[in-house]
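The values are calculated or read from the model by the stated rules, or taken from the named source; none is laboratory data. These figures come from a predicted structure and were not determined experimentally. Cβ coordinates were reconstructed from backbone atoms using ideal geometry, including for glycine residues, and neighbour counts include every protein chain displayed.
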Amino acid sequence: MLRQRIITAAWLAPLALAGLFGLEGGPFALFTAAIVVLAGWEWANLAGLERGASRLLPPLVLALGMALLWHFGQHLALWPLVIGALGWALNLWWVLGHPGRSHQWSSRAMRLAMGAWVLLPTWVGFNLLRESGSAWLLFVLLLVWGADIGAYFVGRALGRRKLAPNVSPGKSWEGVYGGMAVTAALALVFALWQQLSLSAGLALVALTLGVTLVSVLGDLLESMLKRHRGLKDSSALLPGHGGVLDRIDSLTAAVPVFALFFTWLVQA
C-alpha cells in the first residue's frame, strides 16, 4: 500500500501543481473543471447512483453548469459562492446533528443537490482566486494543508475531546486548535509578504481562522456521506489515496468560502 501511495503521489503532485500554477484563463478553467467532473462522478455514488448511465448524469450536469457559467462570465461572479456558503451552513446543521438529522438529507435527490452546491462553487472559487493571482490560490492550498498537518500532530499528541464522534471518531477539538494555530501563523506570514495594512492583516487572520474551521467541515461532510453509504473511499481513481473527493474534501469548503470573502476583507 505504501509503495502504491508513493507511486501515485509521484505523478499526481507534479500534475496538480502544474495545472494549478502553470495554467490560467481557459486552460485553467478546463483543468479545474476536469477535477470537478471526476469529483461529481464520485459524488453520484455517494448519492446512491452506483453504476450505469445514471451515474454519468451528475458529472454531465456539472459539466454543463460550468460551461454555462463560463459562457456567461459567471465563473468570476460572487452569487454562486453565496449559494455555496448558504449550502455549507446547511451542511453544518446536518453534520452537527448526525445521525439524528440524517432523514433530512438522505434522499438521493437531496444528496445530489448537496453535490451541486458543494462542487460548482468550488470551481468558481478556484477560477476567481486564480484570476486574482497565484499567491492567494497558493495561500488557500497552504491553509488547508497546514490545518491538516497541525490537526494531525496536535491531535495525536494532545487529543482528548472528540470533535464529531458520530461522523469521524478520530478527530479532536485539540487537533482543530492545532490546525488553527498553524494557519494563523501562515496568515501573518502572508500579510507581511503581501504588505497588507494592519486592518487588512487582522482581517486576513480572522478570515483564515474561520476558513480553517470550514475546511474541517468539508472533511466531516464527506465522512458523513461515506459512512451513510458504507464506503471507505469515495472511489479508487487514485491508487493508494482513494478518490478525488478524498483529496479535495477540505478544499471544496475552504476555496469557495475564502474566495467569497477575501476580496472584501483583504483588498478593502
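See the values below:
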{"read-out": "Output for the range 78-105, where each listed residue is surrounded by 15 or more Cβ atoms within 10 Å (Cβ to Cβ), touching a residue at least 40 places away in the same chain (Cβ under 8 Å) and not aromatic (F, W, Y)", "value": "L78, P80, L81, G84, A85, N91, L92, V95, H98"}
{"read-out": "Scope the range 48-77; condition closer than 29 Å to Q104 by Cα and buried (at least 22 other Cβ atoms within 10 Å of the Cβ); matching residues", "value": "P58, L62, M66"}
{"read-out": "Scope the range 182-198; condition buried (at least 16 other Cβ atoms within 10 Å of the Cβ) and of a type in the set (G, A, S); matching residues", "value": "A184, A187, A191"}
{"read-out": "Filter pass, W43 being surrounded by fewer than 20 Cβ atoms within 10 Å (Cβ to Cβ) and of a type in the set (F, W, Y)", "value": "no"}
{"read-out": "Unique residue being of a type in the set (A, V, I, L, M, F, W, C) and either over 29 Å from Q74 (Cβ atoms) or modelled with pLDDT of 95 or more (or both) when the list is A268, A191, A200", "value": "A191"}
{"read-out": "Which listed residue, of S134, S172, is polar (S, T, N, Q) and in contact (Cβ under 8 Å) with a residue 24 or more places away in the chain", "value": "S134"}
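Residue-wise test of (1) farther than 19 Å from E131 by Cβ; (2) surrounded by 16 or more Cβ atoms within 10 Å (Cβ to Cβ); (3) out of contact with any helix residue (DSSP H, G or I) (no Cβ under 7 Å at 6 or more places or on another chain); (4) among the small types (G, A, S).
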residue: G230; (1), (2), (3), (4): yes, no, yes, yes
residue: A236; (1), (2), (3), (4): yes, no, yes, yes
residue: H241; (1), (2), (3), (4): yes, yes, no, no
residue: V244; (1), (2), (3), (4): yes, yes, no, no
residue: R247; (1), (2), (3), (4): yes, yes, yes, no
residue: L251; (1), (2), (3), (4): no, yes, no, no
residue: V255; (1), (2), (3), (4): no, yes, no, no
residue: F258; (1), (2), (3), (4): no, yes, no, no
residue: F261; (1), (2), (3), (4): no, yes, no, no
